[in-house]
Amino acid sequence: MQDKKIILIVDDVKMNIDLLDNLLSKDFKLHAALNGRDAIKIAKLIQPQLILLDVNMPDLDGYTVAAELKKAKQTKAIPIIMVTANNSSEDELACLISGATDFISKPINRDLLLLKIIKYI
């Protein structure tokens with residue numbers, strides 16, 4: 001039996017983490033962080049295969065977290081999919097400039113999210 005791939009979910013809203021957990025826990029091993037600082041620490045510690053990262057968070061926004069993760073040797077190769085309600089082309093561009101690999105807007109389409117996850121891990 002193949003081990004499940006590890007995904008780190010980062011969102012300051014617990015309900016959003018629970019939603020993603022319900023969508024993904026059958027197929028992936030999930031870890032969660034409720035803020036950007038914890039996300040950076042956890043990512044360095046567990047080395048997930050993918051990070052699902054919210055943009056709008058109070059302490060460090062997703063852009064800052066993505067940039068920090070891409071600077072660190074142990075996390076720079078981890079693909080990051082930004083998950084956000086901000087869905088303009090300017091928002092998508094800002095996500096990609098910050099270091100994200102891809103972008104998905106809320107509300108989340110499970111099939112699209114799974115296709116994007118499989119693409120990167």
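The values are calculated or read from the model by the stated rules, or taken from the named source; none is laboratory data. The model shown is predicted, which means the values in this text are computed figures rather than measured ones. Because the Cβ atoms are built from the backbone with ideal geometry, glycine has one as well, and the counts that use them run over all protein chains shown.
Return yes or no: is Ile81 in a strand (DSSP E or B), in contact with a strand residue (DSSP E or B) (Cβ under 8 Å, 6 or more places away or on another chain), at negative phi and modelled with pLDDT of 95 or more?
yes
Of (1) farther than 14 Å from Gly99 by Cβ; (2) of a type outside the set (Phe, Trp, Tyr); (3) surrounded by 17 or more Cβ atoms within 10 Å (Cβ to Cβ), Gln47 satisfies all except one. Which?
(3)
How many of the residues making up the stretch 84-117 are in a helix (DSSP H, G or I), among the polar types (S, T, N, Q) and at pLDDT below 90?
1
Output yes when any residue across the stretch 44-67 is farther than 24 Å from Lys4 by Cα, out of contact with any strand residue (DSSP E or B) (no Cβ under 9 Å at 6 or more places or on another chain) and of a type in the set (A, V, I, L, M), and no when none is.
Yes, there is a match, as at least one residue in the stretch 44-67 is farther than 24 Å from Lys4 by Cα, out of contact with any strand residue (DSSP E or B) (no Cβ under 9 Å at 6 or more places or on another chain) and of a type in the set (A, V, I, L, M).
Of the numbered conditions (1) farther than 17 Å from Ile117 by Cα; (2) surrounded by 14 or more Cβ atoms within 10 Å (Cβ to Cβ), Met15 fails exactly one; give the number of that condition.
Looking at each condition in turn, Met15 falls short on (2).
Can you tell me which residue is farthest from Thr101 (Cα to Cα) among those in the stretch 50-79 that are surrounded by fewer than 22 Cβ atoms within 10 Å (Cβ to Cβ) and acidic (Asp, Glu)?
Going through the qualifying residues, I end up with Asp59.
Would you check if there is a residue in the stretch 93-107 being in contact with a Lys or Arg (Cβ under 7 Å, 6 or more places away or on another chain) and at negative phi?
For the stretch 93-107, residues in contact with a Lys or Arg (Cβ under 7 Å, 6 or more places away or on another chain) and at negative phi: present.
Report yes if some residue within the stretch 80-90 is touching a helix residue (DSSP H, G or I) at 6+ places or on another chain (Cβ under 6 Å) and either surrounded by fewer than 20 Cβ atoms within 10 Å (Cβ to Cβ) or of a type in the set (D, E, K, R) (or both); otherwise report no.
No - not one qualifying residue is present in the stretch 80-90.
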